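The values are calculated or read from the model by the stated rules, or taken from the named source; none is laboratory data. No experiment lies behind these values; they were computed from the predicted model shown. Reconstructed Cβ throughout: ideal geometry from the backbone, glycine too, with neighbour counts over all protein chains shown.
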Amino acid sequence: MQTLMTNYTKNFSDEELTCKCGCGTMLCREEQQRLQIVRDCFGGPIYVARTISCPTHNKAIGGADGSAHLDKPDEDASGVDVGVKTFPTASHRAKLIRCALEAGYNCFGVGNTRFHMDARKLFWNLEGIRLLWAY
């Protein structure tokens, strides 16, 4: 479980890495480091909209039962949503995807206001991207 209270990144705040309900559940060390790799590769700020959620908060915001953001006892949550305003052009978004792939993310969701990335260990592999969707 990710009930850690330690921030292992140099560019992200505790608030960005914890459940938004205030329960204190924090993204695990490995996933914090993965996000930091993306930030270092991108070379500029990344607005983090959502990382980990406890089951209660996930349900309250209408999150999926099997969400990659969920704090699960048997695996690390890896879902991260970043605000698309950080990536205003196609070249910015392409760079984000390249950096995310280098960091080990392999599933991506593209929405009007958010860009989701996670590192699922399921699904088949297609050029490093295992799953891509729009919402």
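Among residues of the range 45-63 that are farther than 12 Å from CYS19 by Cα, those with a beta-carbon under 8 Å from a residue that is surrounded by fewer than 13 Cβ atoms within 10 Å (Cβ to Cβ) at least six positions away or on a different chain give the pairs TYR47/LYS85.
Scan the range 1-22 residue by residue and report those that are among the hydrophobic types (A, V, I, L, M, F, W, C) and at pLDDT 90 or above. The answer is PHE12, LEU17, CYS19, CYS21.
If you go through the range 10-43 and keep only what is without any contact (Cβ under 8 Å) to a residue 12 or more places away in the chain and of a type outside the set (D, E, K, R), you end up with SER13, GLY22, GLY43. I'm checking my understanding of the structure. Among residues of the range 67-95 that are closer than 29 Å to GLY22 by Cα and in a helix (DSSP H, G or I), which one is modelled with the lowest pLDDT? Here the residue is THR86. If you filter the range 23-46 down to residues that are among the basic types (Lys, Arg) and at pLDDT 90 or above, you find that the one that is nearest to ASP118 (Cα to Cα) is ARG34. Taken over the range 98-120, the criterion of being at pLDDT below 90, surrounded by fewer than 19 Cβ atoms within 10 Å (Cβ to Cβ) and either touching a Lys or Arg at 6+ places or on another chain (Cβ under 9 Å) or closer than 17 Å to PHE42 by Cα (or both) is satisfied by VAL110, THR113, ARG114, ARG120. Using the structure shown, decide if ILE61 is β-branched (Val, Ile, Thr) and touching a helix residue (DSSP H, G or I) at 6+ places or on another chain (Cβ under 7 Å). Taking the combined requirement at face value, the residue does not satisfy it.
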